[in-house]
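The values are calculated or read from the model by the stated rules, or taken from the named source; none is laboratory data. As the structure is a computational prediction, the values presented were derived from the model and not from experiment. All Cβ positions, even for glycine, are placed from backbone atoms using ideal geometry, and neighbour counts span all protein chains on display. Heads up: the accessible areas ignore ligands, DNA and RNA and are worked out on the full protein's heavy atoms, side chains in. Shrake-Rupley method; radii C 1.70, N 1.55, O 1.52, S 1.80 Å.
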2 protein chains.
Amino acid sequence: MGGLDGVENRGGKVAVGKQQLGRGRGCCELVLRVLGLVFTLAAAVLLGVDKQTKVVPIQLLPTLPPLDVPVTARWHHLSAFVYFVVANIMACSYAALSLVLIVTSGGASHILKSMIIILDAAMAALLFSSIGATLAVGLIGYQGNSHLQWGKVCNVFGKFCDQVLAATVLSLLGSLAFLLIIVFFVLRAHGKS
Amino acid sequence: MGGLDGVENRGGKVAVGKQQLGRGRGCCELVLRVLGLVFTLAAAVLLGVDKQTKVVPIQLLPTLPPLDVPVTARWHHLSAFVYFVVANIMACSYAALSLVLIVTSGGASHILKSMIIILDAAMAALLFSSIGATLAVGLIGYQGNSHLQWGKVCNVFGKFCDQVLAATVLSLLGSLAFLLIIVFFVLRAHGKS
């Protein structure tokens, strides 16, 4: 009987250990989801409020001297930046919704959990595409492109470009949070099988 | 005994059914992996060989008439296109390697399977970022941007731009194949638990 008790105790300890590990992983997923929400929200706001006005000399006619004209750089002047803001707002809203669903449903159903992980993957894909778009256009803004005769603009609108870069880094952190949730899910599924 | 036989038969049928379902899913994953390989390879080749030469009138001095100069559009003139080709080559090579690993290892270890699924997610992220970058730059090539004074180029290099668009669609199909592998993994993990 003593031996059986020992087995039961060990079995009990293993069960409690697994339960604690499960709770730890669940908690880790919630933290990642909150980070995803915060980073994507911060990225959307940072690019959404990005605006810089500079006085630029513009040559209207070759025979006249250049005129000093105030020019404003805004995020909605480029489709890539609009896509970035929309994608980050979508990801941030989804992160909030998924948090509410997970917290309110407690032990959420397996179908709901699967749907959430699939949507996490979709959000990561959406965010990565918007980050790629923003960085590609931002890089041309920094360097220009002599082949296409697209001049650089970040030498004039430096603050605007720095803010775009900061928003991209924040969004990258947010998308890595979504990617890490998937990594944890895969490792958990591997642990279970 | 007849009743027990019935239970055994039913149990056997369920086991066989589950085995067939597992094989079907495994086969589906292999098909998706092959599709990922083919689409990303085709996308990399299509953009890698993209080249168009046109005679364009260029004004060297305002006092001289414009000169007709042959200008060639090449994929490596833009960082976004270079990133696209490199990303697709990486995804294509990885798809080939993962196929070899899965086929040669037969019932691959759980750790290997988990590693492959995590790398699938990383490849999907890489591909989506490169698609976003290519589409963002391509869109400016089609429409131009009056705010930044970046002129459109696709009115001149139409064939080149069409080939970029075709490569992007192929790469999108490839990245969706990687994303679907993750979706199937999530659904399978849900079915097991």
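Miscellaneous remarks
- Distances between equivalent label points of B:Lys54 across the copies, with each point positioned 7 Å along Cα→Cβ, amount to 3.0 nm, shortest listed first.
- Region A:23-90 - accessible surface per residue (Å², probe 1.4 Å): 58
- Carbon-plus-sulfur accessible fraction, region A:25-115 (probe radius 1.4 Å, protein heavy atoms only): 75%.
- R0 of 56 Å, Cβ-Cβ distance B:Lys159-A:Cys28: FRET efficiency to nearest 0.05: 0.65
- With a Förster radius of 41 Å applied to the C-beta separation of A:Ala166 and B:Leu101, the computed FRET efficiency comes to 0.55.
- A crude spin-label estimate for the pair A:Ser146 and A:Val45, with each label 7 Å from Cα along the Cβ direction, gives 4.3 nm.
- Nearest-20 debye value, region A:25-192 charge dipole, Cβ charges on Lys, Arg, Asp, Glu: 280
- Other-chain or far-sequence residues with amide H under 5 Å of B:Val56's (modelled H): B:Val69, B:Val71
- The residue list B:Cys27, B:Ala87, B:Pro66 was ranked by how far each Cα lies along the charge dipole of region B:20-91 toward its positive end, using unit charges on Cβ atoms, and B:Cys27 comes out on top.
- Set the Cα radius of gyration of region B:26-192 against 2.2 N^0.38 Å, with N its number of residues, and you get 1.33.
- Calculated on the Cα set of region B:134-179, radius of gyration then Dmax: 12.6, 38 Å.
- Heavy-atom accessible surface of region A:122-193: percent carbon and sulfur, 1.4 Å: 69
- Interface residues of region B:139-156, defined as those with an accessible-area decrease of at least 40 Å² between the chain by itself and the complete set of protein chains (probe 1.4 Å), are B:Ile140, B:His147, B:Leu148, B:Trp150, B:Val153.
- A/B buried area, accessible surface, summed, 1.4 Å probe, Å²: 3200
- Distances between copies of B:His77, taken at a point 7 Å out from Cα along the Cα→Cβ vector and listed shortest first: 2.4 nm.
- Partner shielding of B:112-124 amounts to 4, given as the average count of beta-carbon atoms from other chains within 10 Å of each residue beta-carbon.
- In nanometers and ordered shortest first, the copy-to-copy spacing of the A:Ser109 label point, defined 7 Å from Cα toward Cβ, is 3.8.
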